[in-house]
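Every number in this text was worked out from the coordinates using simple rules, so none of it is lab data. Quick caveat, the model's predicted, so the values are computed rather than measured. When we count neighbours, we look across all protein chains shown, and the Cβ atoms used for this are built from the backbone with ideal geometry, even at glycine.
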Amino acid sequence: MILVLSAIGVLGEYQGGELPEENIVTPAARTIVLKDSGRGTPVKNWTESMDPYDIVDYKIDATGLLEVGENIASYTVLPRADSELMGLRVADNGYQTRIVDNVITLWLSIIPARQGDTLFTVGTTLPVELSFTTDSVPSRRKQRTCLISVIQR
């Protein structure tokens, strides 16, 4: 058994075998498609909620925010500070974000110390921020907020 130390100091166990691969199919309910509407893009919600004990893959398709022929050159996906206080983590304990064709796959989880929080009994919505830079010259920078509903099921 290998112990994996997360960036926040929480130990998790990795039981061996393969870590998440690109061939995992993420359902549409866990995929957000971002588009520029010309009037500002509203905050988007994933339609499938998350149990605080889950470690689940979600996707953000940023293709609709790009110009023709443009790609994401670099990106970050992070919980906002208020989400971090509630224990939300992105790509923790060996799970990694990845990008394929401007679609970002991320793994969301709640740290064990917060999983039993009573706030999750009634449910709460936690923001995650995507920031990216494009490969255009000059490069464009964009930031969007996505919301995940976390409720004890």
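From the list Gly94, Gly116, the lone residue that is in contact with a strand residue (DSSP E or B) (Cβ under 6 Å, 6 or more places away or on another chain) and not in a strand (DSSP E or B) is Gly94. Out of curiosity, is Asp117 farther than 19 Å from Lys35 by Cβ and charged (D, E, K, R)? Answer is yes for this residue. Whether a residue is touching a Gly at 6+ places or on another chain (Cβ under 9 Å), among the hydrophobic types (A, V, I, L, M, F, W, C) and within 13 Å of Ser49 (Cα to Cα) was assessed, and Val122 does not pass this test.
A count restricted to region 119-153 and to residues that are farther than 20 Å from Thr63 by Cβ and free of Cβ contacts under 8 Å to residues at least 24 places away in the same chain stands at 1. Candidates are the residues of region 104-114 that are of a type in the set (Val, Ile, Thr) and either farther than 18 Å from Ile32 by Cβ or touching a residue at least 60 places away in the same chain (Cβ under 8 Å) (or both); the one that is surrounded by the fewest Cβ atoms within 10 Å (Cβ to Cβ) is Ile111. Only a single criterion out of (1) surrounded by 15 or more Cβ atoms within 10 Å (Cβ to Cβ); (2) under 24 Å from Asp135 (Cα atoms) is not satisfied by Thr76, namely (1).
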